[in-house]
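Visitor: Below you'll find the structure I mean.
The values are calculated or read from the model by the stated rules, or taken from the named source; none is laboratory data. Bear in mind the structure is a predicted one, so any value in this text is a computation, not a measurement. Cβ placement follows ideal geometry from the backbone for every residue including glycine, while neighbour counts extend to all protein chains displayed.
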Amino acid sequence: MSKRLIVGALALSCAAFPVLAQTAAAPASGMSSSSDMGMKMADTATVKLKFVTVKPADVMSSKLIGTTVYNNKKETVGEIEDLVIENGKTVTGVIVSVGGFLGMGESYVVLDPSTIAVSHKDGKWATYVDTDKETLKSAPTFKYSKNKM
């Protein structure tokens, strides 16, 4: 197993991993501090700008979106379409398109990030799940139209 595959798998091994910054403990007064908020829906920003450091084991969403999903038999079972970010700070799901051909007849399923292994080998990104095509085709489907803002 390559070192990059291990690093990628570790990066996604948590059920939820931070997108922006770790949540800080709430102040004793019970009020939320600005550091425990993730991205939020608003027309103006109300939290002072902060910067974060990207760690070597961090995986960028731009590298994951569009990545082919393989099973352990190296069969193509889908493609990563999107990420679910809970409360603007934690990735809680990976949306994968399954089935279909050339965009026709495909459906979407949401996978727990901890069940996905990420590989970066010879300049190519790939993801792996321990399943088969039939299991993904019969999984509960996700519909974008129900969740658009």
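Visitor: For the range 116-126, check the following and say yes or no: at least one residue is over 30 Å from MET41 (Cα atoms), at pLDDT 95 or above, surrounded by fewer than 16 Cβ atoms within 10 Å (Cβ to Cβ) and more than 13 Å from the chain's Cα centre (by Cα).
Guide: Checked the range 116-126: no residue is over 30 Å from MET41 (Cα atoms), at pLDDT 95 or above, surrounded by fewer than 16 Cβ atoms within 10 Å (Cβ to Cβ) and more than 13 Å from the chain's Cα centre (by Cα).
Visitor: VAL96 - would you say it is within 27 Å of ALA57 (Cβ to Cβ) and touching a Gly at 6+ places or on another chain (Cβ under 8 Å)?
Guide: Yes, satisfied.
Visitor: Scan the strands (runs of 3 or more DSSP E) fully inside the range 65-143 and keep the ones with 1 or more residues being without any contact (Cβ under 8 Å) to a residue 24 or more places away in the chain and of a type in the set (D, E, K, R).
Guide: 76-86, 124-129
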